[in-house]
Structure formats: C-alpha cells, structure tokens
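See below for the structure under consideration.
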Amino acid sequence: MTTTITPTRPRVLTPARTTATATRVLRQLTHDPRTIALLILIPCVMLFLLRYVFDGSPRTFDSIGASLLGIFPLITMFLVTSIATLRERTSGTLERLLAMPLGKGDLIAGYALAFGTLAIIQSALATGLAVWFLGLDVTGSPWLLLLVALLDALLGTALGLFVSAFAASEFQAVQFMPAVIFPQLLLCGLFTPRDTMHPALEAISDVLPMSYAVDGMNEVLRHTDMTATFVRDTLIVAGCALLVLVLGAATLRRRTA
C-alpha cells in the first residue's frame, strides 16, 4: 500500500516570513542610494520648489500644498515600488522565493512592510518640512496631515505592487503611470472642485482613492478638529490600499513569462 504525500501549502500570512521578506527588501534597498534618494528626498524637493514658485502668493501654497503633500508621496511610492518589484520578477528572484515555503500573502505583505517603512520616513520628512519650515498654514493638527500622507504613500505602494504583475519590463511599468495616476490627478479636485466637473467625471472621481486623499487633506486644512468626513476619507484610502494589496497577492504569478 503506497501513501501519496501532498505538499502542504504555506499559510496565507505568517508574521515571521513576512518580517524576513521585509528585512531582505530593505537590505537590498540600502545598496541602492539613488532609489533611497528618490523615495525620501524628491517629495521634499518638490514641496520646496512649490513653496517658492508661489513665493508672492503664500495663500496659494496653503490651498494646494496640503493636497500635494499627499499626492507627491503616492506618486513616488507607486513609481519606485512598481519598478523595484518588477526588477525582482524579471531577475527570477520572485520565482525562486515562491518555490520556497513562502505564501503569496507573506511576499506581498513583506514588500508592503518594507516600502511602508520607507513611506513613514518619507511622509514624516515631507510633513515636517511643509509645516515647520515652509510655513504651510493648516487649521487642524499636523499629525492628521501626516496620517493622510502616510496612507497615500501606502496606497502608492499597493498600486505599484499590483501593476507590476502586468508589466513585462521596467519601461512598461512606467507606462502604467499615465493610466493609473494621471486620471486620478486630474479628477481628484486639485485643479477644480469635483462638484463643478461634468457629472460623468464627478461620478468617476467618486470611485478614485486619490479624490478622498485630497478631501482628507482639505478637511485638516479647514477644520480644527477631526471631522466625520475626515474619518470617512481616511478609511476609504486605507481600505483601497488593503484591497489593492489583496488583489496584488491574488495576481502574483509563480512563473515569469
């Protein structure tokens, strides 16, 4: 009588494996100073330039600076995460990792944890620069600004992980930016209030997460206390980030094309 042994699949999410994956990714990133500079410094440089572009009109900087404080981290995290993940996919690293007893959830969560750690540093530096050095005038707490900026950066990380599954090269990963980021940028309410747009565009903007990121920043800009609208906006952004991470784990391939 022969017994067939079926290999056990790893659990969907294991803290030890997730942490080990995040540590490996962070260790690799420390050997790439250009990526670290892009992640940490570019949002700060962009905010600095924006402040002095509107040097003669500080109120303009106050009105759009808070929104861009959330948008800049989202864009940079999307770009770097999608390219870095695709680089590991095309080099065969992901395929070798998935051949080990490592669940897809562990892998995606590990990458999210690693880039999320950098997102915390990035958001803290950008928020501190905008509020305490560039003089961004906000009515609410700067800590709430930091919270939204961090959620935006995590959303950018999640989107980058997700789209990397559909790109065959780094060039294709960059091409996803106009398709995924630019429409949200145009419809998020940064250039004009969403309720003044064409009804069809307003309806589309209502399902885009960047719209709620901008709305959340504007709530901090105008209100001293945490409002119900702010709570709703932050929960939607966090929920979208979590949903995209789950989709990223579901679409992760064990074989490179």
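For this structure, a couple of remarks:
- Matching label, Rg/Rh (Cα atoms, Kirkwood Rh) computed from the structure shown, candidates (i) 1.08; (ii) 1.00; (iii) 1.03: (iii)
- Carbon and sulfur %, accessible surface of the range 123-214 computed with the full protein complex present, 1.4 Å: 72
- Nearest 10 degrees, 0 to 90: helix 15-29 Cα axis against the chain principal axis: 70
- Helix axis angle, 33-53 relative to the chain longest principal axis, alpha carbon, degrees: 10
- Only DSSP H runs of four or more residues enter the estimate; each adds -39500 (n - 2.57), and after division by the residues of the chain the mean residue ellipticity at 222 nm equals -24000 deg cm²/dmol.
- For T14, residues with placed amide H under 5 Å, excluding near neighbours: D106
- Length added when fully stretched, I204-T117, from 0.36 nm per residue minus Cα-Cα: 28.2 nm
- If you run the Gaussian network model on the chain, springs between alpha carbon atoms under 10 Å, then out of P183, P15, P43 the most flexible one is P15.
- Phi-based couplings in Hz for the range 170-177 (Karplus 6.51, -1.76, 1.60; Gly and Pro marked x): 5, 4, 5, 4, 5, 5, 5, 4
- Cα gyration tensor, the range 128-247 - rounded (a/c under 1.5), prolate or oblate: prolate
- Folded to 0 to 90 degrees: helix 209-222 orientation relative to the chain principal axis, Cα: 40
- Listed peptides 67-73, 218-224, 25-31, 107-113 by packing density, highest first (mean Cβ within 10 Å): 67-73, 107-113, 218-224, 25-31
- Rounded to whole numbers, the Karplus 3J(HN,Hα) couplings from phi for the range 203-208 are 5, 5, 4, 5, 10, 9 Hz, using 6.51 cos²θ - 1.76 cosθ + 1.60 with θ = phi - 60°, and x at Gly and Pro.
The values are calculated or read from the model by the stated rules, or taken from the named source; none is laboratory data. Since the structure is predicted, the reported quantities are computational estimates derived from the model, not experimental observations. Quick reminder, even Gly has a Cβ in these numbers, built from the backbone with ideal geometry, and neighbours come from all protein chains shown. When the accessible area is computed, the model is the full protein with side chains, heavy atoms only, and any ligands, DNA or RNA have been set aside. Shrake-Rupley method; radii C 1.70, N 1.55, O 1.52, S 1.80 Å.
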